[in-house]
Every structure is written in structure tokens, then in C-alpha cells.
Amino acid sequence: MAVQSGKPAGGRRRQPSLAQLRAFAAVAEHLHFRDAAAAIGMSQPALSGAVSALEDALGVTLVERTTRKVLLSPAGARIAVRAKAVLGEVGALMDEAEAVRAPFTGALRLGVIPTVAPYLLPTVLRLVHEKYPDLDLQVHEEQTSSLIEGLGAGRLDLLLLAVPLGVPGVTELPLFDEDFVLVTPLDHWLGGREGIPREALRELNLLLLDEGHCLRDQALDICREAGRDDVDVTTTAAGLSTLVQLVAGGLGCTLLPRTALRVETARSSQLLTGSFAEPAPTRRVALAMRTGAARATEYEELAEALREALRPLPVRVLSGGSASI
């Protein structure tokens, strides 16, 4: 019996199609045919057929199918890396063509962290509507780790988040610095005070966001800088709105970035805010893009326009420039 080699007559191996590579990359990511099909908008039979066709074209087994789960073969694990790289380059090629054809048109997939989105998006959306009306801005609110993964995988084009990230292959376009303020219940001894020394954080019952939020890590870093090595976290919240309500209920104090202050403290009359002595603890917010992105010039122009639009907010806008890792 003759063995299929994946080569047509004449000895030339068939080239895999992009659809086959997308199907296999989805299976490699999800290790589940139904989930992979849903992720790329393909029927499960079509996806299974595309993966089988790719195996025939390459002449290797990529996926080990069992009744309960899907596993990558050793060859599949290696080729999955290549497939992801090829698809990324194809996406970059399409972006390059689109950027040359008409800047600030088409889709721009913007990822934003939850502790920035509610407070900066109104400014971002107004800017895009007024200055770039042909740009199809698509917003995705996710935590930092998910955003970085999405940027690297090509799922997202641009991020709006706190930096530094320290991630290779990512270029940061700093926008502004902003101070943290202390939010307390009405009867707290630090409520409403100015010039609060950082050392006061050593004795406070500090409420934090859940793990995974960069703002939680920033708050812990501020505590360590104040000489507090451990924070006994007994109560956490998934978002700043809940966190502030816990403070209003007398469970403790928390740190808020100034851009969040007006929105979050307006929800309750049971809160006071205090400012720290200089230099106050701060965070830096930036746009982040893939280093060498096809639309880098557009993103840099957008960053500069956004800096100007953000000047009315309680932040220190930074001059243009970028930082790459």
C-alpha cells in the first residue's frame, strides 16, 4: 500500500492555506475543537477538516485526538509556534497596507485596564469621534496580563494602562503621571488632611483590589516604600467602586488615583480624601504598542493628541517620547 506523503505529483509539497493555519493555531490555543471553532467563527466540522488538510499538506501529525481531550503532538507543538508567527506577520502585512492606504481608518483594537477605563475613556472616545471619525475604535477592558498577551498575539493593537511593563518587544508611549490620594471614612483621623507622610501607611487598615489588578501591586509597592513589608489583606474588591463603598462603610482606607476620585467619591457622602506630602506616590499611564508596529506613526500621533486632550484632568501630562524593551 502506498503511503501518503503530502506531496503531489512532481515532488512539490502543497502549501498550507491561511485558513488551515488559523484553524490549527486556534486548536493549539484552546486544545478543544468546539471552543477553537467558536473562537474563529468556523463550524466544528470545517475546523476539523482544515486541521486534517494541514496535516496532509505538511505530511505530519499535528493533533492527537482522544474521546476526552485534544493534545498536540511533539511536531504540532513546534509547528504551532511557527503558525502563530506566520499569522502575526500576515496581520502586520494587512496593517501595513491599511496604514499606507488611509491613516486613521479601519479597526483599532484598544485594550484598557479597569482602573483606567471609566475615567479616561470619555476623553479618548470624544477625541476619536472629533479628530478621527473614520477610525473604528474597538475597546476591550481586561487586566494587565491579559492585555499584554493580547498585544503579543495580535488580538489587540494598542494598550492604555499603567507602566512600566518591562516586557520585551513592547514600546511605551507615556501620557501622564498622576498622584494617589488616601480615601478614608468620615471619622478617620487622616480624613481631609494635606501633607500626609507616607509613613502613615504603616498603621492603616488598607483595603485593596483583588489579585491580578496592577493597582493592587502599585499600592503594595507604595506600602513597601513607606517601610511596611506586609499588608494583612482580609477584604478585597473586584473594582474601585466596590472598594470605595467598603471604605464608606468603615472597613478601612484605600488609595485611589486622582483621575478616579471625582467619579468614585461622588457615590457616597461618607468619605473624605487626604493628600500626601511631596513627593506623593504616583502612577504613570501610557499607550503601549508592539515594537515596530506597522501603524507606529499613527499611534505616536494619537498619543500626542491624547496628551493635549487630557490636560484638563488632574494629571501631569508628559512630553512626547517612547520607551522600548
- Task: Tally the residues that are assigned to a helix (DSSP H, G or I), under 25 Å from Val112 (Cα atoms) and not acidic (Asp, Glu), restricting the search to segment 199-222.
- Result: 7
- Item | Residue pairs meeting the criteria (Cβ under 8 Å; at least 6 apart or on separate chains; first under 12 Å from Ile222 (Cβ atoms), in segment 271-282; second of a type in the set (D, E, K, R) and at pLDDT below 90) | Phe276/Arg198; Pro281/Arg198; Pro281/Glu225
- Residues within segment 233-284 that are open to solvent by less than 50 Å² (accessible area, probe 1.4 Å), over 19 Å from Pro118 (Cα atoms), modelled with pLDDT of 90 or more and among the β-branched types (Val, Ile, Thr), tallied: 1
- Select the strands (runs of 3 or more DSSP E) contained entirely in segment 67-148, then report the ones holding at least 3 residues which are within 30 Å of Arg34 (Cβ to Cβ), open to solvent by 40 Å² or more (accessible area, probe 1.4 Å) and not charged (D, E, K, R). 135-141
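Could you please give the count of residues in segment 164-181 that are touching an Asp or Glu at 6+ places or on another chain (Cβ under 8 Å) and either open to solvent by 20 Å² or more (accessible area, probe 1.4 Å) or free of Cβ contacts under 8 Å to residues at least 24 places away in the same chain (or both)? Even if it seems obvious, please write down each step before you answer.
First, the residues of segment 164-181 that are touching an Asp or Glu at 6+ places or on another chain (Cβ under 8 Å): 164-165, 173.
Checking the rest, the ones that are also either open to solvent by 20 Å² or more (accessible area, probe 1.4 Å) or free of Cβ contacts under 8 Å to residues at least 24 places away in the same chain (or both) come to 164-165.
Final tally of qualifying residues: 2.
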- Message: I need the full set of residues from segment 182-191 which are open to solvent by 50 Å² or more (accessible area, probe 1.4 Å) and over 15 Å from Leu251 (Cβ atoms), in order please.
- Response: Trp189
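Mind checking whether some residue in segment 228-240 is assigned to a helix (DSSP H, G or I) and of a type outside the set (S, T, N, Q)? Spell out the reasoning first.
Here is the first cut: in segment 228-240, the residues assigned to a helix (DSSP H, G or I) are 240.
Within this subset, residues satisfying the condition of being of a type outside the set (S, T, N, Q) are 240.
The answer is yes, given that some residue of segment 228-240 is assigned to a helix (DSSP H, G or I) and of a type outside the set (S, T, N, Q).
The values are calculated or read from the model by the stated rules, or taken from the named source; none is laboratory data. Nothing here was measured: the structure is a model prediction, and the numbers come from that model. For neighbour counting, all protein chains shown are included, and Cβ atoms are generated from backbone atoms with ideal geometry for every residue, glycine included. Protein only, heavy atoms only, side chains kept; ligands, DNA and RNA dropped before computing areas. Shrake-Rupley method; radii C 1.70, N 1.55, O 1.52, S 1.80 Å.
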